[in-house]
Amino acid sequence: MASLGLGGLNISARRKSVPSRNAAVERRNLITVCRFSVKTLIDRSCFETIDDTSPEFNNFAAILEQILSHRLKGQISWFGYESPRSFWDYIRVACRKVSHNCICSIENMENVGSSRAKGRAWIRVALMEKHLSEYISTALRDFKTTRRFYEDGAIVLGEEANMLAGMLLGLNAIDFSFCLKGEGLDGSYPAVIDYTPYLKFTQSSDSISSDEEELRTLGSSGSEGSTPENIGPPFITDESSWYNKCKRVEQKYRLALEQKGYLEELVRLRENQLSESVSQNKLLLQRIEDMDLAHKMEKEQLEYIIVELQDQLKSFQSLDQLSAEVSLSQSSLDPGHSQDGKQDGINLLNEGKEDTPSLLGLCGSLTSVASYKSLTSLKSSEYLASPTTEMTSPGLTPS
């Protein structure tokens, strides 16, 4: 009984491991084929423009559509039924945060009606904008939305998602040209992946020799009535093997030559970008030097203005002190009218004060007693009268 129980547990565990293994193999296959298709597109773009008629692009678009549709949840209707959903429903929600995105433009396209067709149009527009990797990275970072749209075991929820965003980054170096009104946007049929360009079987030399020996044995073991004249020509081994080797070497040489051309073009592009960056850097440095020189000159001008304003302020302060001394001298000469004379003297000085050197001389002459007496001997109506009204200071009129 114990052995039966252990056998049942092993069978159940094996049944559970089979679906997980199948899902892992499916994810690995799709990611590997996607990497091969990206390399094929990059190699092909060195010699011709990639458009809708390119079989490499059609295969890549089918692979990417299969990856984004892997274990995608269906949409639950009001009656509880689950209807199929396209990956465009997920992209439309998860890629809203991309700056200057094309989501609204694709939504408003008149000739694209179905959700699957809009998803295919989005792939083409994102490739032409060179932002496909940015869209995928932004969508994968929104883990909450991704979890809401996909089931467990999906490629976008696994470790393969980071590899997907990285390998799509190389497509930014390709200039795509698509027509958004062609048959490729027809969403009535699913995309089918062509695996034949990525399947390569290399037969070893031992295997080739064994096949040739087997063919030779089968040719010699014919009917008993056969004669040497009826036997066909011998199987040529050396020429065919050398021909196959030459073909393989020629294919490798062509591939190396294509890669060399691509790398040279890439180096030339990087050199142009570097020269443009150096020239822009020189212009920025020159602009910074000009701005520094202008700031220094402006600083010197402001310092000169500050010094000039300080000198004017000192002259105004000295003039105020001189007017205060004049008022004190007037109050000391006429004690009976000290308060009234002081107030009238200050008002007189304030009314007739001018910012000229003649005022300083006049105020200096009033500070001495002798000049005060000589001033009182004159007629106040002749020399101190105002043009409009006659004003006489109580402290300056003769007794």
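The values are calculated or read from the model by the stated rules, or taken from the named source; none is laboratory data. If you're wondering where the values come from, they're calculated on a predicted model, not measured in any experiment. When we count neighbours, we look across all protein chains shown, and the Cβ atoms used for this are built from the backbone with ideal geometry, even at glycine. Calculation scope for accessible area: heavy atoms of the full protein, side chains included, ligands and nucleic acids excluded. Shrake-Rupley method; radii C 1.70, N 1.55, O 1.52, S 1.80 Å.
Results for (1) out of contact with any Asp or Glu (no Cβ under 9 Å at 6 or more places or on another chain); (2) open to solvent by 100 Å² or more (accessible area, probe 1.4 Å); (3) at pLDDT 90 or above, shown as yes or no for each residue.
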site	(1), (2), (3)
Gln259	no, no, no
Arg268	yes, yes, no
Glu271	yes, yes, yes
Val278	yes, no, yes
Lys299	yes, yes, yes
Ser315	no, no, no
Ser323	yes, no, no
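Whether a residue is open to solvent by less than 40 Å² (accessible area, probe 1.4 Å), touching a residue at least 40 places away in the same chain (Cβ under 8 Å) and of a type outside the set (Gly, Ala, Ser) was assessed, and Val125 passes this test.
So, of the residues in segment 151-188 that are within 15 Å of Phe87 (Cβ to Cβ) and in a loop (DSSP other than H, G, I, E, B), which turns out to be modelled with the lowest pLDDT?
Only one residue fits best here, namely Gly187.
Report, by residue number, each residue of segment 292-314 that is under 46 Å from the mean Cα position of the chain (by Cα) and of a type in the set (Asp, Glu). Residues satisfying the conditions are Asp292, Glu298, Glu300, Glu303. Does Ser137 satisfy being under 21 Å from Asp52 (Cβ atoms) and either open to solvent by 10 Å² or more (accessible area, probe 1.4 Å) or under 24 Å from the mean Cα position of the chain (by Cα) (or both)? Against the criterion (under 21 Å from Asp52 (Cβ atoms) and either open to solvent by 10 Å² or more (accessible area, probe 1.4 Å) or under 24 Å from the mean Cα position of the chain (by Cα) (or both)), Ser137 does not qualify. Can you confirm whether segment 1-14 contains a residue that is modelled with pLDDT of 75 or more and assigned to a helix (DSSP H, G or I)? Within segment 1-14, not a single residue is modelled with pLDDT of 75 or more and assigned to a helix (DSSP H, G or I). Within segment 164-181, being surrounded by fewer than 17 Cβ atoms within 10 Å (Cβ to Cβ) and under 17 Å from the mean Cα position of the chain (by Cα) holds for Gly166, Leu169, Gly170, Asn172, Ala173. Taking Arg216 as the residue in question, decide whether it is open to solvent by 70 Å² or more (accessible area, probe 1.4 Å) and at pLDDT 90 or above. In short, no. For segment 297-337, name all the residues that are without any contact (Cβ under 8 Å) to a residue 40 or more places away in the chain and charged (D, E, K, R). Correct list: Glu298, Lys299, Glu300, Glu303, Glu308, Asp311, Lys314, Asp320. Of the numbered criteria (1) open to solvent by less than 40 Å² (accessible area, probe 1.4 Å); (2) more than 25 Å from the chain's Cα centre (by Cα), the one Lys73 fails is (1).
Search segment 26-46 for residues being at pLDDT below 90 and under 21 Å from Cys179 (Cβ atoms), and hand back the single one that is surrounded by the fewest Cβ atoms within 10 Å (Cβ to Cβ). The extreme case among them is Arg44.
Would you mind stating whether Arg148 is surrounded by 11 or more Cβ atoms within 10 Å (Cβ to Cβ) and modelled with pLDDT of 90 or more? Considered against the rule, which asks whether it is surrounded by 11 or more Cβ atoms within 10 Å (Cβ to Cβ) and modelled with pLDDT of 90 or more, Arg148 comes out as yes.
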